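Derivation of every value follows stated rules applied to the coordinates shown; laboratory data play no part. On a predicted model such as this, the values are computed, not experimentally measured, just so you know. Backbone-built Cβ (ideal geometry, glycine too); neighbour counts: all protein chains shown.
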């Protein structure tokens, strides 16, 4: 009986789907072959090896950012151990963090907080094969299939450019990779070589991850010495707060914390953090954690 349950569990978690023959795969295959010059046999071999992950479908349908309360979400990422580990990370990598802060204008505490929230400072970079995640979500999740198929194409390009084995790279259920959890398109667009070895490596180089996060935030509107959030009061925001002049519309935020509604407004830099993960609670968790590192 136990053996039967084990087999059933494995079957549900990992299914041989043969995405090379999926009804929607031909367009992806043609683009990779015709536009990007991949060998058709190679593309078919990769897609045939990819496996359907039901857990990826379940997780992307119910992300923590949308299913947990702010108190729950805050409790996950503001644990004392994560705060202590973050302070140790800053001390250990202070030279690189200060260099990035000077070059990009992003405080070392914000960079470290993102690494803490995303991967617990590299201790949890994800256990899914990225090819499995992106094929599963690209072909079997109708809500965002277009986005994930695009990321699948980007993965092929990324692995070719960086000489990576496309069948061995692991990441999150949504295909995010490395210390900084960049998706394929972000890796190609914003990741930088920050340790000077001539190679961009978000899987093994903490320096590259630090520089890449800072570069991403700056490219998405981070303002040096700008505000992130300011606490306010309901129905009285404009009276006492003037947002950054480049900000056409500030973000009103309400978080129920320990039974009390707290009101904030998000400025340019809050928006930049929220571009990393499109979620107000994510951006606020990063902000709260960064403030803990200053204490």
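Only helical DSSP H runs with n ≥ 4 go in: add -39500 (n - 2.57) per run for the chain, normalise by residue count and round the 222 nm mean residue ellipticity to 500 deg cm²/dmol.
Numbers: 16 runs with 161 residues, N = 295.
One gets -16000 deg cm²/dmol as the mean residue ellipticity at 222 nm.
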- Item | Gaussian network model of the chain, Cα within-10 Å springs - most flexible of 73, 19, 42 | 42
- Between residue 102 and residue 220, what is the FRET efficiency for a Förster distance of 25 Å, r being their Cβ-Cβ separation, to the nearest 0.05? 0.85
- Task: At q = 0.07, 0.13, 0.16, 0.17 Å⁻¹, work out log10 I(q)/I(0) for the chain with the Debye formula, treating every Cα as an identical point scatterer and leaving solvent out; two decimals please.
- Result: -0.31, -0.98, -1.29, -1.37
- Message: Of the candidates 138, 86, 37, which one comes out as most mobile in a Gaussian network treatment of the chain with C-alpha springs shorter than 10 Å?
- Response: 37
- Task: Go ahead and set up a Gaussian network model of the chain, Cα springs under 10 Å, then flag whichever of 253, 137, 262 fluctuates most.
- Result: 262
- Please give the helix 206-219 orientation as an angle from the longest Cα principal axis of the chain, in degrees from 0 to 90, rounded to the nearest 10. 70 degrees
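If packing is taken as the mean number of other Cβ atoms within 10 Å per residue, what is the order of 279-285, 217-223, highest first?
On the way: 279-285: 22.3, 217-223: 18.9.
Most protected by this proxy first, the peptides run 279-285, 217-223.
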- Note on the structure: Taking only the alpha-carbon atoms of segment 46-166, the convex hull volume per residue, in cubic angstrom, is 151 Å³
- Taking every Cα atom in segment 26-79, find the radius of gyration and the maximum pairwise distance Dmax, and write them in Å. 19.0, 50
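Cα gyration tensor of segment 119-214, axes a ≥ b ≥ c as square roots of the eigenvalues: rounded (a/c below 1.5), prolate (a/b > b/c) or oblate? Write down the numbers at each step before the final one.
Details: a/c = 1.99, a/b = 1.65, b/c = 1.20.
Prolate, because a/c is 1.5 or more and a/b exceeds b/c.
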- Message: Based only on other Cβ atoms within 10 Å, what is the fewest-to-most ordering of 136, 96, 69?
- Response: 69, 96, 136
- Pop a pseudo-label 7 angstrom from the Cα along the beta-carbon direction at both residue 33 and residue 147 and give the gap in nm to one decimal. 3.0 nm
- Query: So what is the relative contact order of the chain, in percent, for Cα pairs below 8 Å that sit 6 or more residues apart?
  - Reply: 18 percent
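Summarise the long-distance tail of P(r) for segment 44-103 by giving the % of C-alpha pairs beyond 18 Å. Spell out each step's value before the answer.
On the way: 1173 of 1770 pairs.
Pairs farther apart than 18 Å: 66 percent.
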